[in-house]
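Reviewing the structure listed below.
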Amino acid sequence: MDNFIGNRRAVNILKKAIEQDRLPHAMIFAGPSGVGKCTLALLTAQALNCLTPQDGNACGRCAACRRIMAYVESRHKECVNGESSACGVCSVCQARNRRHPDMLLVEPEERTTISINQIRDVIAETAFQPLEARYRVVILDPADQMRVEAQNSLLKTLEEPPSRMIMILIATNPYLLLETIRSRARILPFGEIPSGQIAQYLTQNEGKSGPDARLAAALSGGSLGAALDFNTAEYRDARESALEFVKLLLCCGSFTRASALAAVAAKDKDVFRTWMESASALLRDVYYSGVAAGRVGQSDLIEKLRVLRQNTRHSHLVRAIEAMRKLQTDLHYNVNRQIALEALFINLSR
Ligand SMILES: [Zn+2]
Ligand SMILES: [Zn+2]
C-alpha cells in the first residue's frame, strides 16, 4: 500500500482502519476511473490476510499475498494462446488458477454490468465462512453500473453482513447507487493523480523518456490507467495535423488547407477522436499559455502556443474552444465528421 501511486489520504485512512481493526464491513471506493480503486481494494485484501505482515504492511510474498495479487496479474487479460476455452498453461491462465478462493472480484461477465445472477452467486458463497482467509473480501467493479434489481438484492447482505467479510463497491459515480446502499456503506473518495506523479511513474517503471512521460501524463486526465494506454507516437502524428488546423482556425487561414486536413483526420472514427482531443487540448493550452503557464499540458510547444495566443482575440479563442467542445459532444451522434469540422471552421471565420 505504501507504493500505491496517488490518493495518499485514502491509503492512510485504510491503513489506519486496518491497524486498529475497525474497517467498515462495507465501503464505496468512489472517484475517477483509472486511478487504481480496484487495485487498492486488492491491496486492502492483502493487508487483511497477509500471513507474515511486516510493520502493518502486507509482505507481498506469502501464499496469501501472491494469490490475491494473482487477480491483478490476470485481470483484463485473456489467455495468451487465445483459445476459446482457456489453455490452462499460459501465464495468464496460471495466474487465474492461483487466485485466492476466499476473495471475490465480481466484474461484468458478458454485458457491461454485473448481473443479478452474479450477485446471487456472491450471496450464496458468502453465506459460508471463508475457507482460509481471515477476512473474505468481496469487490464489485463497477458497482454503480448495476441495475436496480441487482442492487436491491445486495441490500440484505449489507444489512446483516456475514462475519469476517468486507465488501468494497467500486464506483465512478456513487450517486448512481441506491440511497439505501450508500447509507449502509462508508464512502471513501478518490481524486485524480497529479500529472507529476504519473510522469514520474512512467519514467521510472515503464522506461518512458521524460518528454513522452510528461505528454502522456498531461493528457490522461489524472488517470494512471489512461496514461499507461496512451500511444505517444500516434498522438504526436495527430497533434501535428491538429496544430496546423488550430493555427488556421485562430488566424482565419486558408479554408482549402483546413478542409484538406479535415478530410484526412475524418477518415477514421478512432483517429478522428484522438485528433479532436488533440485539437481541444491545444486550444486549451493556447488559452492557458496567456494566463497560467503552469497549466499548459504540452509544455514542449509553449513558445508556439504563446505566439498564437498573442495573435488571437480573447473572444475568438473562447468561441473556438466552445465550438470544439460542442463538436466533440456531437460526435456521439452520427454526424458527418468532415462536414461538421468544415462548418465549424467557416462559422468561426465569420
Ligand atoms: Zn503476505
Ligand atoms: Zn492460457
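Any read-out appearing in this document is the output of simple, stated calculations on the displayed coordinates, not a laboratory observation. This one's a predicted model, so the numbers in the text were calculated from it and none came from an experiment. Here Cβ is always computed from backbone atoms with ideal geometry, including for glycine, and neighbour counts include all displayed protein chains.
Expressed in nm to one decimal, what extension gain is obtained for the pair CYS251 and LEU155 from 0.36 nm per residue of sequence separation less their Cα-Cα distance?
My answer for the length gained is 28.7 nm.
At 222 nm, what value in deg cm²/dmol follows for the chain if DSSP H runs of at least 4 each add -39500 (n - 2.57) and the sum is divided by all its residues, to the nearest 500? Don't jump to the answer; show the numbers that get you there.
Working: 16 runs with 191 residues, N = 350.
Computed mean residue ellipticity for the chain: -17000 deg cm²/dmol.
According to a simple spin-label model (label point 7 Å from Cα along Cα-to-Cβ), what is the distance in nm between ARG295 and LYS16?
It is 3.2 nm.
Report the label-to-label distance for ILE346 and GLN129 in nanometres (one decimal), using points 7 Å from each Cα along the Cα→Cβ vector.
With each label placed 7 Å out from Cα toward Cβ, I get 7.6 nm.
For the range 20-71, state which trypsin sites (Lys or Arg not before Pro) are in a DSSP loop and have at most 15 other beta carbons lying within 10 Å of their beta carbon.
ARG22, ARG61
May I ask for the angle, rounded to the nearest 10°, between helix 37-49 and the longest principal axis of the chain, with both axes built from Cα atoms and the value confined to 0 to 90°?
20
Output the 0 to 90 degree angle, nearest 10, between the alpha-carbon long axis of helix 269-291 and the longest principal axis computed from the alpha carbons of the chain.
So the helix axis and the longest Cα principal axis differ by about 70 degrees.
Would you mind ranking THR44, THR112, THR52, THR157 so that the residue whose beta carbon has the fewest other beta carbons within 10 Å leads the list?
THR112, THR52, THR157, THR44
Taking a cut-off of 21 Å between Cα atoms, list the lysines near LYS269, but don't count ones fewer than 8 places away on the same chain.
The reachable lysines, counting only those whose Cα sits under 21 Å from LYS269, are LYS326.
Roughly how tilted is helix 232-250, in degrees to the nearest 10 and between 0 and 90, from the longest Cα axis of the chain?
Computed tilt is about 40 degrees.
Have a look at the DSSP beta bridges in the chain and tell me what percent are antiparallel, nearest 5.
For the chain, the DSSP antiparallel bridge percentage is about 5.
Report the GluC sites (Glu not before Pro) located in the range 179-278 that are in a DSSP loop and have at most 14 other Cβ atoms inside 10 Å of their Cβ, or state none.
Values: sites: GLU179, GLU192, GLU206, GLU234, GLU240, GLU244, GLU277; in loops: GLU192, GLU206.
In loop regions of the range 179-278 (DSSP not H, G, I, E or B), the sparsely surrounded GluC sites (Glu not before Pro) are GLU206.
If the viscosity is 1.567 mPa s and the temperature 4 °C, what translational diffusion coefficient in µm²/s does Stokes-Einstein give for the range 1-125 when Rh comes from Kirkwood over Cα pairs?
Estimated diffusion coefficient is 80 µm²/s.
If packing is taken as the average count of other Cβ atoms within 10 Å, what order do 160-172, 24-36 fall into, highest mean first?
24-36, 160-172
Straight-line reach only, C-alpha to C-alpha below 23 angstrom: list the lysines that LYS77 could link to, leaving out same-chain residues fewer than 8 apart.
List returned: LYS37, LYS208.
Restrict the search to the range 260-335; then list the trypsin sites (Lys or Arg not before Pro) that DSSP places in a loop and that have at most 15 other Cβ atoms within 10 Å of their Cβ.
Taking the range 260-335 and a limit of 15 other Cβ atoms within 10 Å, the loop trypsin sites (Lys or Arg not before Pro) found are LYS267, ARG313.
State whether the range 74-160 is rounded, prolate or oblate according to the following rule on the C-alpha gyration tensor (a ≥ b ≥ c being the square roots of its eigenvalues): a/c under 1.5 gives rounded; otherwise a/b larger than b/c gives prolate, and the remaining case gives oblate. Walk me through the numbers before you get to the answer.
Details: a/c = 2.84, a/b = 1.45, b/c = 1.95.
In terms of gyration-tensor shape, oblate.
For the range 23-96, what does the alpha-carbon gyration tensor say about shape, rounded, prolate or oblate, given a ≥ b ≥ c as the root eigenvalues, a/c under 1.5 as rounded, and a/b over b/c as prolate?
oblate
Note the direction-averaged projected area, equal to a quarter of the hull surface, for the Cα convex hull of the chain, in nm².
In nm², the orientation-averaged hull projection of the chain is 20.7.
For LYS304, list the lysines whose Cα falls under 20 Å from its own Cα; do not include residues on the same chain fewer than 8 positions away.
Leaving aside lysines fewer than 8 places away in the same chain, those within reach of LYS304 are LYS247.
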